[in-house]
4 protein chains.
Amino acid sequence: MNSIVQNQLKAFKESKQNRGCLLVKCPDQPGIVAAISKFLYEYNANIIESSQYSTDPHGGQFFIRIEFECGELKSKEEQIRKEFQTIAEHFSMDWNLTSGYEVKKTAIFVSKELHCLRELLWEWQSGDLLTEIAMVISNHEDSREIVESLNIPFYYIPASKENRAEVEKEQLALLKENNIDLIILARYMQILTPDFVEAHPFKIINIHHSFLPAFIGARPYDRAYKRGVKLIGATSHYVTNDLDEGPIIEQDIMRVDHRDKIEDLKKIGRSIERSVLSRAVKWHLEDRVIVHENKTIVF
Amino acid sequence: MNSIVQNQLKAFKESKQNRGCLLVKCPDQPGIVAAISKFLYEYNANIIESSQYSTDPHGGQFFIRIEFECGELKSKEEQIRKEFQTIAEHFSMDWNLTSGYEVKKTAIFVSKELHCLRELLWEWQSGDLLTEIAMVISNHEDSREIVESLNIPFYYIPASKENRAEVEKEQLALLKENNIDLIILARYMQILTPDFVEAHPFKIINIHHSFLPAFIGARPYDRAYKRGVKLIGATSHYVTNDLDEGPIIEQDIMRVDHRDKIEDLKKIGRSIERSVLSRAVKWHLEDRVIVHENKTIVF
Amino acid sequence: MNSIVQNQLKAFKESKQNRGCLLVKCPDQPGIVAAISKFLYEYNANIIESSQYSTDPHGGQFFIRIEFECGELKSKEEQIRKEFQTIAEHFSMDWNLTSGYEVKKTAIFVSKELHCLRELLWEWQSGDLLTEIAMVISNHEDSREIVESLNIPFYYIPASKENRAEVEKEQLALLKENNIDLIILARYMQILTPDFVEAHPFKIINIHHSFLPAFIGARPYDRAYKRGVKLIGATSHYVTNDLDEGPIIEQDIMRVDHRDKIEDLKKIGRSIERSVLSRAVKWHLEDRVIVHENKTIVF
Amino acid sequence: MNSIVQNQLKAFKESKQNRGCLLVKCPDQPGIVAAISKFLYEYNANIIESSQYSTDPHGGQFFIRIEFECGELKSKEEQIRKEFQTIAEHFSMDWNLTSGYEVKKTAIFVSKELHCLRELLWEWQSGDLLTEIAMVISNHEDSREIVESLNIPFYYIPASKENRAEVEKEQLALLKENNIDLIILARYMQILTPDFVEAHPFKIINIHHSFLPAFIGARPYDRAYKRGVKLIGATSHYVTNDLDEGPIIEQDIMRVDHRDKIEDLKKIGRSIERSVLSRAVKWHLEDRVIVHENKTIVF
């Protein structure tokens, strides 16, 4: 990492060092907010932003995201976790607590098309993505120069249908060794095996170059052109073992017309892909996304 | 038709009475624009707006729309048509000439959901849709009051899978008798038979309540809800005998989020459907749409 | 009110009869959410949706909207209000509690352009605006028919610069007599006096036909045309005594191009005005809007 | 220029070497299209895309853009220009003919904020901007590295109110020496003198970081924040000697809400500025823009 970026990241982490974020999902019932907020208050935490949503007041599912400021969070965190466990058990919560001083570690997978990678790196250099990009893995050499110029480790691992098992073994070793929290498929054109995907539940974000569920699978721009659509789109979603069927985090579209050839659709599409993927990654890094029944709640 | 609308329509027709519109499609070659524009010039026509497009300069397809003003058009039109035929044959043109003093006659088909019908009637009363709405046909009585209050003939023809043949016979008779130019399916929930569709090539405009080709077929909002999309859309297209596969004229979308239930998607969707259908109808009425290989050129 | 609409409204009110909504604004400090949620829990209220926001964790302003379900709310409400007062005083809260069984009463002011009125009436008939439209006041007769056809009282009060005082006296009497909660200026082209405005703080919603602060004042479409903008917009805001300077609730835009004359801008603009005003009114009726320092928080 | 980009540009120029583009503006009258298209036909030119527009058929202004393919254009161009002069004089045309084998030369002016420069360079490297970027001029050193890494000459000319005359003298010498066709102010925060602007009529494109005419002048994001707008925008326009009042080429907006601080507005705004400026530059380079009465026709 070059020194400017390093300093930026350091400053950002410092500004967030007492910032905690609690994500909770549980069956709805009265008293959940009261219990959580009383708990936080006892730690003298100040709630900065909270969003809550219930699918149904009678027997539905309850979701909350609470971002709070708590002095000396680092020294208290272990105890907070331990004590919150009692509340969590009482309400059968699925919960997650993250703190601003711990930055998520990210691995970006990319092939030959670099626009999504470039956008992520750019946003990251501007301080807009709070993460440590621990590595870029590619089955091509195209991105090596740009990646290494930022002092990010670059791993060239040629991949094809034939050597998938070996390739993933190598990738998994790298991911494990570096304690990677998030894998971003920034137009990585290889299919991952079910084992790889299952090992990272809702930890792999993909960008699909169409407005899903339209044009699932290969060559969406060619098919969009053929169908004569008037808008093209892109979709960022968590990867599951159903191709292009994982929970959607973000989508967007742009207008096209009869003058646009396939090449133009691709060009316009690249610009949508860039912004859709980086918004989805940002929201994930800020712990804004909860998955429920193959859908996302984005707070 | 009530008298205000009648007067408006009359004024509009008068303002357009010398306005002609020529739509042409033919194999591309040099000299087409020169031939057409020389021809129009000889009639002392002044070109107001023209748009031209070629798929490929070498062996592609050529499309043009020319809107012109020509004094005493009505008296010259027959001769114009006759003489233009020579040019048309020379360039193997598929062509169409319309004049502002001849207003297209429209039939609107509707079921129980009236929002698209209401929007069309509203736009029409505001003078934004230059057409004579010759009739509304429905398999329900819900829209009778609003339609008849505007002095538009309303035909209640109960329809179901069982009586499709008879129903269409009755409908076809009405359409023929009234020289209908355009059929608008404003959320008419019945499937038309292949014979009915083939009798009106690119003369039937439908609104489908999804962003095609996503959610082809029934209950698109339910499926959009289930899939967890972040945008919902609507698509207006010419009806062909492939369900929801006809040439797309216009599409649009709006953003939704996790808080939106199916009912909310429907509500938001209605607003998109209204505007998408009325734009498509407007462009068709203004002769802005050319169909080519199951796609539209919208000038 | 006609019977269909009446039944719809009744059904809606019933479905919401145990629904409460609490809006709070106060200086930020730890413990506010804990205090409020504990309080609600003691009444066995279940929180359906809550949104919270602080301008700054250190000495900033705190805002929250909590929508909850509470059995037999009607019978408990008086006591809830009384007891909540203690919490409110402790945290210096500016607060408001509304209940679903009490429907806000609305007066719509309109002149000759009826598109915004029509949209509001339409949304209201569809059950999308939960309010009792107690009257429409106009300085022209144009809307009488459509208003009275829905059994809504219509008051024709000719207005001009000269008779402003008398006119407002008459209007104020009507508003008071009917306990009006919200005044909607649906393209009412008269200026209100400072006294009138001050008597209804953040209770008057206007639609301005431009993207404020561009084109403040009269004839915005003419000026937009002259300036050659590529997008036109509309803005819905609370009326204050600074012309077009009140807190903005909602804005939107649409694309225009060189072919659009002033008349086209107006036509496109009407469609934006309709949707922007009805969204703003809807959010106000659902108690989603908090005003702070001439800006709005929309939850 | 690095070799990849150089090859791309070369390939692009070759693919366009027989492509001509004619822009015409003149008083409207019958026969203009006929005369132009007959003329082109005599040179065996094939019209690829043409767009035409008249402000008013009776005494208005006529505009046309014709893109055509003409074998051996280079050897014919001088004669085409000479002969077209006769037609041009007959119709009092203001006209311009450009050919694909002559690439426009561009100078980019930038200060410390590099996002617009980066976007332009990126688009240019991707082959989406057909231009020779002959130089980048800056009053800061920040962009030197990125510019020089692409083998584009970088000129550091410190500028302030005090030394404006000298600075512009130096800049003008560089522009002249390099036959610059287009100056792009990619967030160059210095005001140009009237003399400088007048020397480059409709040859200087600026990006203003607001939705003009809202927030003319300095610090638009601060003022947008203060006003509480719900959308922020950016505007690309030709520079004239009325600050931020030149003809608008393109505008766009994005949605913001109460949670967005000034820093967030700037961040969101940067993304709009990037795309708006690059679209405007692209359209200018493709000769799609005609200026008329302080407005643009964009074909």
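The values are calculated or read from the model by the stated rules, or taken from the named source; none is laboratory data. Bear in mind the structure is a predicted one, so any value in this text is a computation, not a measurement. FYI the Cβ positions are ideal-geometry reconstructions off the backbone, even for glycines, and counts take in every protein chain you see. For the accessible areas, the whole protein counts, side chains as well, though only heavy atoms, and no ligand, DNA or RNA atoms are used. Shrake-Rupley method; radii C 1.70, N 1.55, O 1.52, S 1.80 Å.
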**Q.** Average Cα contact separation per residue, the stretch A:245-299, under 8 Å, 6 or more apart, as relative contact order %
**A.** 45 percent
Q.
Can you work out which chain B residue has the shortest Cβ-to-axis distance for the rotation that carries B onto A, and give it in Å?
A. B:ALA214, 2
Q | Ranked by how many other beta carbons lie within 10 Å on average, peptides D:231-239, D:21-29, B:203-211 from highest | A | D:231-239, B:203-211, D:21-29
Q) For the stretch B:141-156 and the stretch A:99-121, what is the separation of their Cα centres, given in Å? A) 59 Å
Q.
Using a 7 Å offset from Cα along the direction of the beta-carbon, what are the separations from B:SER15 to the same position in each other copy, nm, ascending?
A. 4.3, 4.4, 5.5
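Kindly flag which residue pairs out of A:LYS10/A:LYS203; A:LYS105/D:LYS230; A:LYS230/A:LYS295 have an alpha-carbon separation exceeding 28 Å in this structure.
Values: A:LYS10/A:LYS203 24 Å; A:LYS105/D:LYS230 34 Å; A:LYS230/A:LYS295 26 Å.
Distance filter (> 28 Å) returns A:LYS105/D:LYS230.
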Q | Nonlocal amide H pairs with A:GLU250, under 5 Å, H built at 1.01 Å | A | A:SER236
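Remind me, relative contact order of the stretch B:1-105 in percent, using alpha carbon pairs under 8 angstrom and six or more residues apart?
On the way: 153 pairs, mean separation 44.4, N = 105.
Once normalised by length, the contact order is 42 percent.
Let me check against my output: what whole-number percent is the relative contact order of chain D, with C-alpha pairs under 8 Å and at least 6 apart?
Working: 522 pairs, mean separation 46.0, N = 299.
Averaging sequence separation for qualifying contacts and normalising by length gives 15 percent for chain D.
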Q | Intensity falloff of chain B expressed as log10 I(q)/I(0), Debye formula with alpha-carbon point scatterers, at q = 0.09, 0.12, 0.15, 0.17 Å⁻¹ | A | -0.50, -0.87, -1.24, -1.42
Q | Estimated vicinal HN-Hα couplings, Hz - the stretch A:61-67 in sequence order (Karplus 6.51, -1.76, 1.60; Gly, Pro = x) | A | 10, 10, 9, 9, 10, 10, 9
Q: In whole angstrom, note down how far apart the Cα centers of the stretch C:215-238 and the stretch C:36-63 are.
A: 39 Å
Q) Under the classification rounded if a/c is under 1.5, otherwise prolate if a/b is larger than b/c and oblate if not, where does the stretch C:56-117 fall, given a ≥ b ≥ c as square roots of the Cα gyration tensor eigenvalues? A) oblate
**Q.** Inter-copy label distances at B:LEU172 (7 Å, Cα→Cβ; nm, one decimal)
**A.** 6.4, 7.0, 7.8
Q: Return the sequence-ordered ³J(HN,Hα) values of the stretch C:241-257 in whole Hz as given by the Karplus equation 6.51 cos²θ - 1.76 cosθ + 1.60 applied to θ = phi - 60°, using x for Gly and Pro.
A: 7, 9, 3, 6, 10, x, x, 6, 9, 7, 9, 7, 9, 9, 7, 10, 9
Q: Be a star and scan the stretch A:158-180 for residues whose amide nitrogen sits under 18 Å from the point 7 Å along the Cα-to-Cβ vector of A:GLU148.
A: A:158
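Let me know the mean shielding of A:40-48 by other chains, meaning the per-residue number of their Cβ atoms within 10 Å of its Cβ. If you can, show how the numbers build up before the last one.
Values: counts 4, 7, 3, 1, 2, 4, 11, 12, 9.
Across the residues of A:40-48, the mean count of other-chain Cβ atoms within 10 Å is 6.
Taking the mean number of other Cβ atoms within 10 Å as a proxy for protection, how do you rank D:64-73, D:108-117 from highest to lowest?
Values: D:64-73: 20.1, D:108-117: 21.9.
The peptides rank, most packed first, as D:108-117, D:64-73.
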Q) Sorted from shortest, what are the nm distances separating the label point of A:ILE216 from equivalent points in the other copies, each placed 7 Å from Cα along Cα to C-beta? A) 1.3, 5.4, 5.5
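Enter the accessible area per residue of the protein assembly as shown (Å², integer; probe 1.4 Å; all protein chains in place).
I get 42 Å² per residue for this part.
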Q: Please name whichever of D:GLY127, D:HIS115, D:PHE91 sits farthest to the positive end of the charge dipole of the stretch D:48-137, dipole taken about the Cα centre and charges placed at Cβ: Lys and Arg +1, Asp and Glu -1.
A: D:HIS115
Q) For the stretch C:105-298, with only Lys/Arg (+1) and Asp/Glu (-1) charged at the beta-carbon, what is the dipole magnitude about the Cα centre, in debye rounded to 20? A) 760 debye
(Q) I'd like the trypsin sites (Lys or Arg not before Pro) in the stretch A:116-180 restricted to DSSP loop residues with at most 11 other Cβ atoms within 10 Å, sorted by number. (A) A:LYS161
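If a/c stays under 1.5 just call it rounded; otherwise compare a/b with b/c (prolate if a/b is bigger, oblate if not). Do that for the stretch C:236-299, with a ≥ b ≥ c from the square roots of the Cα gyration tensor eigenvalues.
On the way: a/c = 2.93, a/b = 1.96, b/c = 1.49.
It is prolate, given that a/c is not under 1.5 and a/b is the larger ratio.
Leaving out ligands, DNA and RNA, what percent of the accessible area of the stretch C:186-255 is carbon and sulfur, probe 1.4 Å? Please report the intermediate quantities before stating the final value.
Details: 1460 of 2580 Å².
Taking all protein chains in place, the stretch C:186-255 shows 56 percent carbon and sulfur surface.
How much of the DSSP bridge set in the protein assembly as shown is antiparallel, in percent, rounded to the nearest 5? Write out the running numbers ahead of the final one.
Values: 162 of 226 bridges.
Of the beta bridges lying entirely in the protein assembly as shown, close to 70 percent run antiparallel.
When the helix-only estimate is applied to the protein assembly as shown (DSSP H runs of n ≥ 4, each -39,500 (n - 2.57), divided by the residue count), what is the mean residue ellipticity at 222 nm, nearest 500 deg cm²/dmol?
Working: 36 runs with 436 residues, N = 1196.
For the protein assembly as shown, the value works out to -11500 deg cm²/dmol.
Suppose we keep just the DSSP beta bridges with both residues in chain D; what percent of those would be antiparallel, to 5? Show your work: numbers first, answer last.
On the way: 38 of 54 bridges.
Among the beta bridges of chain D, antiparallel pairing accounts for roughly 70 percent.
In whole percent, how big is the carbon plus sulfur part of the accessible area of the stretch C:17-99, probe 1.4 Å, protein atoms only? Please list the in-between numbers first.
Details: 1600 of 3530 Å².
Roughly 45 percent of what the probe reaches on the stretch C:17-99 is carbon or sulfur.
Evaluate peptide A:50-62: per residue, the Cβ atoms of other protein chains within 10 Å of its Cβ; return the mean as an integer.
Numbers: counts 7, 6, 9, 8, 8, 4, 2, 11, 2, 0, 2, 0, 3.
Per residue, the average neighbour count from other chains is 5.
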Q | Buried solvent-accessible surface, both chains (B, A), 1.4 Å probe, Å² to nearest 100 | A | 2900 Å²
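Across peptide A:24-34, how many C-beta atoms of other chains are within 10 Å of each residue C-beta, on average? Spell out each step's value before the answer.
On the way: counts 0, 0, 0, 0, 3, 1, 12, 9, 4, 12, 12.
Average per residue, whole number: 5.
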Q | Listed residues B:ILE137, B:TYR155, B:LEU172: farthest to the positive end of the dipole of the stretch B:96-197 (Cβ charges) | A | B:LEU172
